[in-house]
Amino acid sequence: MEELSTAIRLNPAKGCAGPEGTPVPWSPHGRILPSRPIFTLDPLLHAGCYYVQDSSAMYVGHVFRKALAALKAPGLRVLDLCAAPGGKTTDLAASLREALGDEFLLVSNEVMRDRARILSDNVAIWGDPNVMVTSVDPAAFAQFAGAFDIIVADVPCSGEGMFRKDPRAVQEWSEQNVQLCAARQKRILADVWPALRPGGVLVYSTCTYEDAENDDNLEWVAGELGGEIIPPMDEFPDHGVRLTRRGNLLRAGEVPGEGQWVGALVKTPDAGPRPARKPDFSRLRPLRFGIPAGTEKGGKLIPDPDYALSLGYRGEYPQIELSRSQALEYLHHDPLRFPDAPRGFCAVTFEGHPLGFVNNLGTRCNTLHPLSRRILMNIK
């Protein structure tokens, strides 16, 4: 069996060098690694310095950045509709922050609750406070008419692009499943369509090669819902990226990564003006939005476990720099002692990058690292 490639994407806001590799042509912060390390045992991953993401999946971010360049304005609102586990969300967040600073909102949604919790953890580790995580059906966004400037919909599909990586995708594939997926994708797009403002951009993607789920569906949106397809560009033919009628196709075996198809269109201006008021997304009961500095308890401020990972962290707590072995012990929830460090709440760091907080009692430390993110594998 052909060895699968491994790629990462650096978090530019955290300024970490990360593992070495060759550049991903369509991702400014993407790297293809020469081999797959044990990522769980790299503290920099847990610090949010980089995200492990297939290089083909990064092509969605490339198409998104084209839309962002065209619509760039302070206060931009973006919806990542089918966002778990968080690769595309963290890519969009990095691109938005580089383009707009703090003047944007990214709503990252995953309807499956278990997957949404994984998404929320990955967003917390990435650290961008301008990302809201929700877990609702796409139809719930229809109440926010014209609220989003860009919607990214990486929809569930028949998964041909994952055949090399996931044997289950081969077993589950059938012509009937392709048609079922195509119909479900139409339903998802129709449900969320009212939330895209006139003149806004839909970035539509799948990890399959089927026209019924790719070009045909984008043409259906344009014709039935009202949009103008953005002609795809033949930008990376030497790197295996193909042109299709309406988008770009990356085939496993022709590109370093797995399969991906991406296309985009602009919504036609016949659905009324953008709402004047700021949408109240709190009605969606977000799982996460921003990261509070902490909570008051017994007259003392207890830092939020994720505050140290946030780009908004101001460094107001004493810092304890950890060795690699100490960092892994912290992430493994092993006992740690720092008798010479300041008493009370301290931020623990690895190579200067915060991993979280401890309450240093001198003879021992109480960790504030979330139990759900504890390393379970042997760290020795």
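The values are calculated or read from the model by the stated rules, or taken from the named source; none is laboratory data. Quick caveat, the model's predicted, so the values are computed rather than measured. Methodologically, a virtual Cβ is constructed for each residue, glycine included, from the backbone with ideal geometry; neighbour enumeration extends over all protein chains shown. The accessibility values were calculated without ligands, DNA or RNA, using every heavy atom of the protein model including side chains. Shrake-Rupley method; radii C 1.70, N 1.55, O 1.52, S 1.80 Å.
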Boolean, residue 153 is touching a helix residue (DSSP H, G or I) at 6+ places or on another chain (Cβ under 8 Å) and not hydroxyl-bearing (Ser, Thr, Tyr)
yes
Is at least one residue of region 75-86 modelled with pLDDT under 95, on the phi < 0 side of the Ramachandran plot, surrounded by fewer than 20 Cβ atoms within 10 Å (Cβ to Cβ) and touching a Leu at 6+ places or on another chain (Cβ under 9 Å)?
no
For region 260-279, which positions are open to solvent by 10 Å² or more (accessible area, probe 1.4 Å), β-branched (Val, Ile, Thr) and either farther than 23 Å from residue 216 by Cβ or modelled with pLDDT of 95 or more (or both)?
266
In this structure, does residue 236 turn out to be modelled with pLDDT of 95 or more and either closer than 16 Å to residue 56 by Cα or aromatic (Phe, Trp, Tyr) (or both)?
yes
Between a residue in region 99-116 that is closer than 11 Å to residue 80 by Cα and open to solvent by 90 Å² or more (accessible area, probe 1.4 Å) and any residue that is part of a helix (DSSP H, G or I) and of a type in the set (Val, Ile, Thr), which pairs come within a Cβ distance under 9 Å, given they are 6 or more apart or on different chains?
none
Starting from residues that are open to solvent by 10 Å² or more (accessible area, probe 1.4 Å) and touching a residue at least 60 places away in the same chain (Cβ under 8 Å), keep the ones in region 318-349 and report whichever is nearest to residue 364 (Cα to Cα).
328
Selected residue [crowded, with 22+ Cβ neighbours inside 10 Å and within 30 Å of residue 240 (Cα to Cα)] from 56, 120:
56
Tell me, which residue of region 354-366 that is surrounded by fewer than 20 Cβ atoms within 10 Å (Cβ to Cβ) and of a type outside the set (Gly, Ala, Ser) is farthest from the chain's Cα centre (by Cα)?
363
With region 147-259 as the region, which strands (runs of 3 or more DSSP E) entirely inside it contain at least 1 residues that are surrounded by fewer than 20 Cβ atoms within 10 Å (Cβ to Cβ)?
196-206, 227-229, 241-243
Find the residue count for region 133-142, including only residues that are open to solvent by 10 Å² or more (accessible area, probe 1.4 Å) and within 9 Å of residue 284 (Cβ to Cβ).
3
